[in-house]
1. Quick one: angle between helix 74-92 and the longest Cα principal axis of the chain, in degrees between 0 and 90, rounded to 10, please.
2. Could you give the semi-axes, largest first, of the ellipsoid that matches segment 49-93, computed as the square roots of 5 times the alpha carbon gyration tensor eigenvalues and rounded to whole Å?
3. Kindly express, to the nearest 10 degrees and within the range 0 to 90, the angle between helix 43-52's C-alpha long axis and the longest C-alpha principal axis of the chain.
4. Per the Cauchy relation, a quarter of the hull surface: what is the mean projected area of the convex hull of the alpha carbons in segment 1-71, in nm²?
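Since every read-out is calculated from the coordinates, none of them should be taken as a lab result. Please read these numbers as outputs of a predicted model, since none were measured by experiment.
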Amino acid sequence: MTEPFVAISAKNGTGLDQLQQAMETILRRQDVTFDLTIDLTHGKLLAFIEKNAASITARDYAESTVTMRGVMDGRLYERVLDLQRERAKDQRR
């Protein structure tokens, strides 16, 4: 796979927005190592991680949470973070 080519100018700043977007795209395609503590009542998120993680290397259970460590695609990890934010927002209501 060929990475994107972006022409930039340090002198006048041309192409810097496109460069940032290309870099974000590349980084999202990479696997990330995660270490997340999740409330056990958040079944939707737990199921998503179980289904989509490339590997889960540890699960440490506490009274009402589980800490999960593993590896997943960066784009999927972004979805995990979105689900956590949605849950936090719902709980504040």
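1. Orientation of helix 74-92: about 50 degrees from the principal axis.
2. 20, 17, 6
3. Between the helix axis and the principal axis of the chain, the angle is about 60 degrees.
4. With the hull built on Cα positions only, its mean projection is 6.9 nm².
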